[in-house]
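Visitor: Structure provided below as C-alpha cells; questions to follow.
The values are calculated or read from the model by the stated rules, or taken from the named source; none is laboratory data. Note that the structure is predicted; figures quoted are calculated from it, not measured. Ideal geometry is used to build each Cβ from the backbone, glycine not excepted, and the neighbour counts take in all protein chains shown.
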Amino acid sequence: MNKKEKPYRLIHREGRYIQVVFKHIPGGCFSTGTNDDAEAVRWADKKLAQDTGKITSADVPTLEEFARDFFKPSDPKGFRKRQIARGYNHDESYYSNKQARLNNYILPAHGRYLLDSISDVLIEDFLLDLRGRNGKALANNTKNKIYAAYSDVMHEAKRLGYIKVNPCDSVQKMSQTGENRDAITEEELLVLFPQERESLIRIWGSQQWAVYFLILRDTGWRPGQVAGLSVLNYYPELHGVYTTGSVDWRTRNYKNSIKTTNKGQKFCEGFLSDQTVELLEDYIRTNPGMDHLFKADNGKLFCVTTTNNHFKSVCKKMGINLGNRTQYSMRHSFQTFYIGKIPESARLLLMGHTKTRQEYSHLTPEQNLRRVLSIEGVEDIIRNR
C-alpha cells in the first residue's frame, strides 16, 4: 500500500512527538510517542489494526514470533491483563500450564507457519495425531487443553487483525472422558480407618496424619483443599467444614481459590463423622494457638505430593495394592458411597458438581440394584405390578 492509499497521515510539529491523524477518526490527532518515522508508522499500523481489524504495511508474523511468551508473566499480548479485567481469578499454574502446552506441542508443530496460513484442517489434523514423549496418543482431555491454549492465541491474532477468523472455532473438540481412576473400596477403608483410636493413629503415623486422611475420606474434597484447612474452617456445632481456599501444589502456598472458583462454585463444604470430630477436636485442644491444621515440621503447609506419598506408604504397609489409585481415589469412594443414599442435590453440592459424573461412580451391578430397591416404596411397586 502506497502513501496516497494509507488511511492515516503523519504530522511533524517542532518540539513534539510525531502525531497521526486517521481517516476513520475524523478530527482526532494522536501522539505516537516517538520522533522516529519508522516507529511512528508501526505505531499507526498497530492502532489501525486494533481499531479496524485490518493489517496494513506490517508483515504477518509467524506463530512463533506472535505467540512467544504468550502466557508468561511478561504478558506480551495482554492476555492475562484482559482475563483479570473480565473477573477471572486464575492462579499462576493456570498460565504456566498453558505456556507449557504452547511450548511443548503447538510451537514445535506450527511455530514456523505464518498466522494467516494456519487453517482449521491443519489444527484438526494436529490434534488428532498428538502423541506424548512415549509415543502413545494423548488423552482426549489433554488434547482439549492444548486446543484451548491454541484458540486463545489465535483469538488474539484475530483481535489484532492478523487473521479474519479464528480457525480453532471450526475445529471440533475431542470427546471429553473422565480420568480412569478406581475408588478405594469399602473393605479397604475399613482396614485403613479402624474405629479403635490407637490402632488408627498407629496406622497413619500420627494424630495429625490420621485427622487429615479422615477428613479426606469424610468430605470427598480434593487433597489441596483439605491441606489448606484452618481451625476457623471447622464448625463444631454442625460437625462441618467449609473453605474457599486450597494449597497450590506447585508453590505449597495457600491460595484463596479452589478448582471450581472460576466455574461457578467458589466454596467447598463437608460433614465429618463422629470418629473424625472426636479426633479433630482433641487435636485442636492439644495444639493451642494453631492456625492451619496441617503443617509439616518445617512450618510449611502439607502439599499434595507429600500427602500422596504418605498415603501410598501406609497402603503398602497395610497390604493394599493401589495399582493406579492415589489419595484422590477417596473422592471417588465418597461419591460411590453416597449415590442413592442421600438426595441427589445434596450429593452434587458436597461434590461441587452440577451433574453426576460417571467417572466418579464405581458401584457394582449388585450395589446398583440394591440402591434402587432401598428407595422408599420402590420395591413394593416393582414386585406388585
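Visitor: Does E188 qualify as being within 30 Å of F213 (Cα to Cα) and out of contact with any strand residue (DSSP E or B) (no Cβ under 9 Å at 6 or more places or on another chain)?
Guide: Against the criterion (within 30 Å of F213 (Cα to Cα) and out of contact with any strand residue (DSSP E or B) (no Cβ under 9 Å at 6 or more places or on another chain)), E188 qualifies.
Visitor: Going by the conditions given, is L293 more than 23 Å from D182 (Cα to Cα), buried (at least 22 other Cβ atoms within 10 Å of the Cβ) and in contact with a His (Cβ under 8 Å, 6 or more places away or on another chain)?
Guide: No; evaluated as a whole, the condition is false for this residue.
Visitor: Please list, ordered by residue number, the helices (runs of 4 or more DSSP H) wholly in segment 55-153 having 2 or more residues that are in contact with a Leu (Cβ under 9 Å, 6 or more places away or on another chain), more than 30 Å from E39 (Cβ to Cβ) and of a type in the set (A, V, I, L, M).
Guide: In segment 55-153, there are no helices (runs of 4 or more DSSP H) which contain 2 or more residues that are in contact with a Leu (Cβ under 9 Å, 6 or more places away or on another chain), more than 30 Å from E39 (Cβ to Cβ) and of a type in the set (A, V, I, L, M).
Visitor: Please verify whether segment 38-56 includes one or more residues that are among the small types (G, A, S) and closer than 30 Å to Y147 by Cβ.
Guide: Yes: one or more hits.
Visitor: Then there's this: For L214, all conditions in the list (1) surrounded by fewer than 20 Cβ atoms within 10 Å (Cβ to Cβ); (2) touching a residue at least 24 places away in the same chain (Cβ under 8 Å) hold save one; what is the number of the exception?
Guide: Condition not satisfied by L214: (1).
Visitor: Hey, another quick one. Looking at (1) under 30 Å from Y17 (Cα atoms); (2) touching a Lys or Arg at 6+ places or on another chain (Cβ under 8 Å); (3) hydroxyl-bearing (S, T, Y), which is the only condition S96 fails?
Guide: (1)
Visitor: Right, next: Is it the case that N140 is in contact with a helix residue (DSSP H, G or I) (Cβ under 8 Å, 6 or more places away or on another chain) and surrounded by 13 or more Cβ atoms within 10 Å (Cβ to Cβ)? Let's see the steps before the verdict.
Guide: Numbers: in contact with a helix residue (DSSP H, G or I) (Cβ under 8 Å, 6 or more places away or on another chain): no; surrounded by 13 or more Cβ atoms within 10 Å (Cβ to Cβ): yes.
No; evaluated as a whole, the condition is false for this residue.
Visitor: Can S246 be described as in contact with an Asp or Glu (Cβ under 6 Å, 6 or more places away or on another chain) and either under 18 Å from Q208 (Cα atoms) or at pLDDT below 90 (or both)?
Guide: No: the conditions fail for S246.
Visitor: Can you find a residue that is in the same structural domain as Y8 (by TED's automatic domain parsing) and touching an Asp or Glu at 6+ places or on another chain (Cβ under 8 Å) anywhere in segment 84-99?
Guide: Scanning segment 84-99, I find no residue that is in the same structural domain as Y8 (by TED's automatic domain parsing) and touching an Asp or Glu at 6+ places or on another chain (Cβ under 8 Å), so the answer is no.
Visitor: Another question about this same structure. What are the residues in segment 55-87 that are at pLDDT below 85 and surrounded by fewer than 13 Cβ atoms within 10 Å (Cβ to Cβ), if any?
Guide: S57, D59
Visitor: Do we find a residue being touching a Ser or Thr at 6+ places or on another chain (Cβ under 9 Å), touching a residue at least 12 places away in the same chain (Cβ under 8 Å) and either of a type in the set (S, T, Y) or more than 16 Å from Q207 (Cα to Cα) (or both) anywhere in segment 285-298? If you could, list the steps in order and put the result at the bottom.
Guide: Taking segment 285-298 as the starting set, the residues that turn out to be touching a Ser or Thr at 6+ places or on another chain (Cβ under 9 Å) are 290-294, 296.
Then keep just the ones that are touching a residue at least 12 places away in the same chain (Cβ under 8 Å); that gives 290-294.
Going one step further and asking which of them are either of a type in the set (S, T, Y) or more than 16 Å from Q207 (Cα to Cα) (or both), we end up with 291.
Yes.
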